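Values in this text are rule-based calculations from the coordinates and carry no lab data. Being a predicted model, the structure only gives us computed values, none of them experimental. Virtual Cβ from ideal backbone geometry, glycine too; neighbours counted across all protein chains shown.
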Amino acid sequence: MKRKLILFGVLGILIATSLSACGGTPAPTGLRITDVWARASAMSTDAMEMGGKNSAVYMKINNDGAADKLVQATSTVAASTELHTVEMKDGVMQMRPVEGGIDVPARGAVELKPGGLHVMLIGLHQDLKPGDTFNLKLTFEKAGVMEIPVPVRALVQ
Amino acid sequence: MAWHSVGAMVLWFVCAAALGGCGAGGGGAPALHGGRLDPPKAAADFTLTDHHGNPFTLSGTRGKIVLLYFGYTACPDVCPLTMSDMAGARADLGADAQDVQIIFVTLDPERDTQAVLEKYVPAFDATNIGLRGTPQEIQTAAAAFGVKYQKKALQSSALGYALDHSAFIYVIDRRGQLRELLPFGTPRQAIADDLKILINEGTAS
């Protein structure tokens, strides 16, 4: 009898913890964005077609909370803002849009860095000059929208 | 077709890398960082059009060390990163920088007009040379170096299409010999170190 009680007790605790993990109340967002920068570009002239009018934003997304996902990025500096990644396949670099968003692991971090994941700015409306800052809106599946300032770094440091 | 020379180049690269790996433990003179061609092989020559609209022949750079790269300006990540590291390495050389010529060949002549190259290429280093040509001219030049590239339509992107491409830096010495292939991601410092080795070889030997 005593054993059964203990068993029920343990079961109860397990169910309670699993339910609370599934939410009801949203987990407090533990996202911190660090190491943010965009590459300079002086290519926004009207004479240009698509060539060169693009740039990339990099950052580290640190997460103290539950797993989340970066699903969208938007900005007013470019015609389109997309999530992209680069992979080496058979010695060839392939850039592709990220389908379904960028996973942000629980109590971990994901790094958007040169040669890998990045926010791509396509069709810049304005030059990105070193020292300038512009705003980027990031939409996360759980944490919602965060707006961050992005400093522009020179092409060559 | 081009795949024959690509295969040969890959074989060269693998052999060179393997040999280079064995030789590196020997001590003595500092070694180049990339996949070395041992013995070096004369760099294929080509003539394309530079970002001012003038004809440009690769063999006209004899006497300078050439960092040759094939890419496209719509590329936001891999290409500017490599261009930046090459320009940074050159800048780190001080007065010796005058012995080094960085050349960017577009694989995307459709979007990379002369006007685009004129703005893009010197933005990294004022002495840079940007080259373009007809798709056929570019294909011939790229194939001669074993560059693999392919246009890839991206339905879900405003970019329209990307260029999948191999991203080596081809390092050519003052005598026009292809000496090594530096893989993507080679640090600026390593590029600068290799340039110093080739600069110190002088024009003789």
**Request:** Assuming a ≥ b ≥ c are the square roots of the Cα gyration tensor eigenvalues, decide whether the stretch A:72-157 counts as rounded (a/c under 1.5), prolate (otherwise, with a/b larger than b/c) or oblate.
**Result:** oblate
**Item:** Gyration tensor (alpha-carbon) shape descriptor, the stretch A:60-107, a/c threshold 1.5
**Value:** oblate
**Request:** Name the long-range amide H neighbours of B:VAL100: under 5 Å, sequence gap of 5 or more, or other chain; modelled H, no Pro or chain starts.
**Result:** B:ILE65
**Complete:** For B:ASN200 and A:THR29, extending 7 Å from Cα along the Cα-Cβ vector and measuring point to point gives, in nm, a value of 5.4
**Asked** Does the stretch B:32-148 come out rounded, prolate or oblate, given a ≥ b ≥ c as the square roots of the eigenvalues of its C-alpha gyration tensor, rounded meaning a/c under 1.5 and, failing that, prolate meaning a/b above b/c?
**Response** rounded
**Item:** Reachable lysines from A:LYS60, criterion Cα separation under 23 angstrom, eight or more residues apart if same chain
**Value:** A:LYS69, A:LYS113, A:LYS129, A:LYS137, A:LYS142
**Request:** Filter the trypsin sites (Lys or Arg not before Pro) in the stretch A:48-157 to those in DSSP coil with at most 12 other Cβ atoms within 10 Å of their Cβ, and list the result.
**Result:** A:ARG107
**Request:** Only residues of the stretch B:77-93 count here: report those whose backbone N is under 18 Å from the spot 7 Å along Cα→Cβ of A:TRP37, or say none.
**Result:** B:77-92
**Complete:** Expected sort for B:PHE104, B:PHE184 with the fewest Cβ neighbours (10 Å cutoff) up front is B:PHE184, B:PHE104
**Fill in**
Listing A:GLU141, B:GLU180, A:GLU99 by rising number of other beta-carbon atoms within 10 angstrom, fewest first, gives A:GLU99, A:GLU141, B:GLU180
**Request:** Among B:THR106, A:THR74, A:THR133, rank each residue by its count of other Cβ atoms within 10 Å, from fewest to most, as a rough exposure measure.
**Result:** A:THR133, A:THR74, B:THR106
**Fill in**
Any residue on another chain or 5+ positions along whose placed amide H is under 5 Å from the amide H of B:LEU131 is listed here as B:PHE104, B:VAL105, B:THR106
**Asked** Quick one: Karplus J couplings for the stretch B:195-202, per residue in order, coefficients 6.51, -1.76, 1.60, θ = phi - 60°, nearest Hz, x for Gly and Pro?
**Response** 4, 4, 4, 6, 5, 5, 5, x
